[in-house]
Amino acid sequence: MAGTHMRFLGLVLRTLFLLVVVVTTARVAMPQNESFATLYDTPADLFRILIGAAVCFFICIQIFRYSRDPAEMRRWVPIGLTVVPLALICARVIW
């Protein structure tokens, strides 16, 4: 019974961490001073959005491709308890 709860907690922490990374990446990839209509004027912003979208897409795929190994999901419990608060702090600072 406790093993199932640990696996579920590991899955939740892993998913939460990856979602925070997606949101942070999307925020960083947005144009700084322009709107989407003027993206073609500044190639750097266009590349930033394209690379950010690719990274967000890859991370979103990883959310759904989790390991079925119970030990690996339990391994995410201490990792998640450490990195999720740090990721939330980073997201708050960047926002």
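Table for the structure above
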read-out: Accessible heavy-atom area order of 90, 60, highest first, probe of 1.4 Å; value: 90, 60
read-out: Residue 4/residue 82 FRET efficiency (R0 25 Å; Cβ-Cβ; nearest 0.05); value: 0.65
read-out: Surrounding net charge for residue 55, when Lys and Arg each add one and Asp and Glu each subtract one, Cβ distance under 13 Å; value: +2
read-out: For the chain, with +1 on Lys and Arg beta carbons and -1 on Asp and Glu, the positive-most of 54, 25, 3 along the dipole; value: 3
read-out: Solvent exposure ordering (accessible area, 1.4 Å, most first) of 84, 21, 55, 93; value: 93, 55, 21, 84
read-out: For the chain, calculated [θ]222 nm from helices alone, where every DSSP H run of n ≥ 4 adds -39500 (n - 2.57); value: -28000 deg cm²/dmol
read-out: Area of residue 82 that stays accessible when all protein chains are in place (1.4 Å probe, Å², to 10); value: 80 Å²
read-out: Charge tally in the Cβ shell below 13 Å around residue 8, where Lys, Arg are +1 and Asp, Glu are -1, residue 8 excluded; value: +3
read-out: Student exercise, the chain dipole from Lys, Arg, Asp, Glu Cβ charges, in Debye to nearest 20; value: 500 debye
read-out: Structure-derived Cα Rg over 2.2 N^0.38 Å - corresponding label in (i) 1.27; (ii) 1.11; (iii) 1.34; value: (iii)
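The values are calculated or read from the model by the stated rules, or taken from the named source; none is laboratory data. All values reported here derive from a predicted model rather than from experimental measurement. Glycine also receives a Cβ, built like all others from the backbone with ideal geometry; neighbour counts cover every protein chain displayed. For the accessible areas, the whole protein counts, side chains as well, though only heavy atoms, and no ligand, DNA or RNA atoms are used. Shrake-Rupley method; radii C 1.70, N 1.55, O 1.52, S 1.80 Å.
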